[in-house]
Amino acid sequence: MTHYRIDALRQTLVLAAPSDGLPHCTFWGARLPDGADLAQVAASAALDLTGGMLDANPELTLCPQTAAAFPGQPGLVVRSPDGTPLRPVFTKAGTKRTDTLSLAYTDEDLGLTLTFRFAADAATGIITASTTLDSDTPVLCDWLAAPVLPGPQLADQMIDFAGRWCDEFQPVTTPWATGIRARDNRTGRTGHEHFPAIILPARGCTNTGGEAHALHYGWSGGHRMLAEELPDGRRQIQFGHATASDPLPGTRFETAPLYAAFSDTGLNGCAVSFQRHLRDRIVTWPQPDTPRPVHYNCWEAIYFDHSLAALTAIADRAAALGAERFVLDDGWFKGRNDDTTSLGDWTIDATKWPDGLTPLIDHIHGLGMTFGLWFEPEMVNADSDLARAHPDWILGPTTQPLGRGQYVLDMANADLRDHLFTQITTTLSTHDIEYIKWDHNRVLPYNDAAQTRGTYDLLKRLRDAHPEVEIESCSSGGGRIDFGIMAHTQRVWLSDSNDALSRLRIQHDAALFLPSCVTGSHVGPRTCHTTGRIHSISFRAWVAAQRHMGFEMDPRELTDAEAATLTKVTAWYKANRDWLRTADILRLDAADPAIIAEQQQAADGTRFVVFAGHAGTSTQIAPRPLRLTGLDPAASYTIDLANREDISSLSRGTPALKSGPLTLTGQSLMSQGIALPYDLPDSMWIIEGHRA
Ligand code: GLA
């Protein structure tokens, strides 16, 4: 038996690898001391036997095997092309340990090789794992799991994610029980409904304390997850592509990377690992040293009603408010007057834009802003030149129900990809465009990994040809957010909801994985277009300033007072964005369930800002003190309210922060917390902190 340990900052994974079978995980948890005896670790994990069991416990290996009589769900289901089930018996073929650990196993009779790969990141604390199946002759692979890890025994619950258009990242909590919790996303895209992750909090874990394990599957084509508790009490977690994603016989099948985090500092420890890993390892930034520019996006201002006069007037106001990047959304291309036509025809509409886009782009550059443009490359309307010329490029039958009046294009087709590349690259090469909002507004007729691979390929090709262009992943808002798409993009449009109250909640839960610098957040219209709610400009602006800030209303609707507030908050964002870009988002445990609060903490711990959003009506009269987290207990911190002008006349007392700063120890801030002034629902306090 050989033992391997994989260490990443706060976590250790230990594998035991016999020569005559697949390896299994003997430990996944807090980092073990150097020199820990791994054989003893494995011995301490071995289960006893009693009645009703086999004479030896089939191991919960990195790919549990049917042939080994494993009593739960197997990690591999493979058949010969005629449909005969194959039940491989793998033995060790080779090990390579460089920066990554690679363990290969073969079944020589069947000509199958299974390879597990692990990489550990000492700075972010993430372990990345994947599985590959190679076959000498074509086989059908119905299911291939990324390395299967044991679920912790002290977890009573699991959290995975549901959601919908305008309400993404909804945590779903399920108690562990014998049997399976399965997620199988057959929509062909990550989906609002299926963010591919699981969090396994140990009993008593909160945002700020306790143990949690977490996994994220970095794939944009839909995932399958199994969280199974066996009758013997063991638990296993499997992640892979959604069922039947690779429907044809092949000689190589590969899972996406599975990202594993462990924390003994509450859910925040896992969240910070994911945030840092996405920001520092997955995303490649065209201009890493350039501040995140404040966006203006015209969608909710004008929809399809484009005119140079209106857009230049809007751009003037947006620039005066502080916008630095102007994104021309849907409606600029040939015949696109509503959402029923023209997707696929990526040439400039000559009626709306008789002189092309250059006059607008010049005007925007004249205001000191850069220019971005909307595309939805993977889609086509039936009423389009492209669909008329190439009905054969449509994915699935033309009798399928449309989604937003559109079909999906077959991205596995290299000719189609060449065509899309040419159309987009021509637009980029003939205009000064430094940003693409890349949309994807319907589900696929069926899931197909080749579609996702085709999209990744096109994105890579465009990025290679235009490395200076930044890309935003949008999919009716947050329908395609995952670490797979983020390897090709730099920003996500988290939600089509610009409702500040909804956003506050979505941002809070998305922060379990997403850092602020990739998370787009816009100040919407006074009356929200997706909820009909009216929120103050202060609340809307501060919620947007929590993430990568932008505006999306018609700025001509703003009163002078609203414009002044928005200008002030935007200036605050600009003054702070550089350190916020590399800050950790720490979710706070608010004693009042009506409060959604977070602390964004600088990488060096010298400063922080707390956003305390009031997301409902509190049951008690006075605000409950808010406890901070992650501070040095012995250090002193000066805290101050950044938006004192928002104190309402209903606050009649004298809490200290109403009149000036306070200096307190980290211990006091983390134990007792701070009493905030009375405030109204749908408002937010901003508290800035500096280490003395
Ligand atoms: C999707 C996006 C919106 C907008 C529209 C344009 O719904 O999420 O932000 O770009 O498409 O049609």
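Readers should treat all values here as calculations from the given coordinates under stated rules, not as data from a laboratory. Since this is a predicted model, take the numbers as computed values, not measurements. Reconstructed Cβ throughout: ideal geometry from the backbone, glycine too, with neighbour counts over all protein chains shown.
Structural remarks
- Cβ crowding within 10 Å ranks Met486, Met53, Met1 as Met1, Met53, Met486, fewest other Cβ atoms first.
- Cα gyration tensor, the chain - rounded (a/c under 1.5), prolate or oblate: oblate
- Rounded FRET efficiency, nearest 0.05, which uses the C-beta distance separating Glu557 from Ala389 and R0 of 60 Å: 0.90
- Taking the fewest neighbouring Cβ atoms within 10 Å as the starting point, the ordered list for Thr617, Thr665 is Thr617, Thr665.
- For Glu688, Glu376, order by how many other beta-carbon atoms lie within 10 Å, fewest first: Glu688, Glu376
- Cα centroid separation - the stretch 528-568 against the stretch 129-161, whole Å: 44
- The label-point distance for Gln40 and Ala310, in a model that sets each label 7 Å from Cα toward Cβ, rounds to 7.4 nm.
- Charge sum, other residues only, whose C-beta stays under 13 Å from Ala350's C-beta, Lys/Arg counted +1 and Asp/Glu -1: 0
- Within the chain, percent of DSSP bridges classed antiparallel, to nearest 5: 80
- Taking Lys and Arg as +1 and Asp and Glu as -1, the other residues whose beta-carbon sits under 13 Å from that of Phe326 total -4.
- Over the chain, dividing the summed -39,500 (n - 2.57) contributions of all DSSP H runs of at least 4 residues by the number of residues returns a 222 nm mean residue ellipticity of -6000 deg cm²/dmol.
- Taking N as its residue count, the alpha carbon Rg of the stretch 155-242 over 2.2 N^0.38 Å: 1.10
- Dipole of the chain [Lys/Arg +1, Asp/Glu -1 at C-beta], most positive-end residue of Ala545, Gly222, Pro150: Ala545
- Cα gyration tensor, the stretch 429-515 - rounded (a/c under 1.5), prolate or oblate: oblate
- Axial C-alpha extent at least 18 Å, average Kyte-Doolittle at least 0.5 - helices from the chain (DSSP): 308-321
- The stretch 2-30 versus the stretch 225-265: alpha-carbon centroid distance in Å: 17
- Residues of the stretch 656-684 falling in the label zone of Ser636, defined by backbone nitrogen less than 12 Å from a point 7 Å along Cα to beta-carbon, are 662-666.
- Proximal charge balance of Thr115 [Cβ under 12 Å; K/R count +1, D/E count -1]: +2
- Extension gain for the segment Met1 to Thr617, taken as residue separation times 0.36 nm less the Cα-Cα distance, is 215.8 nm to one decimal.
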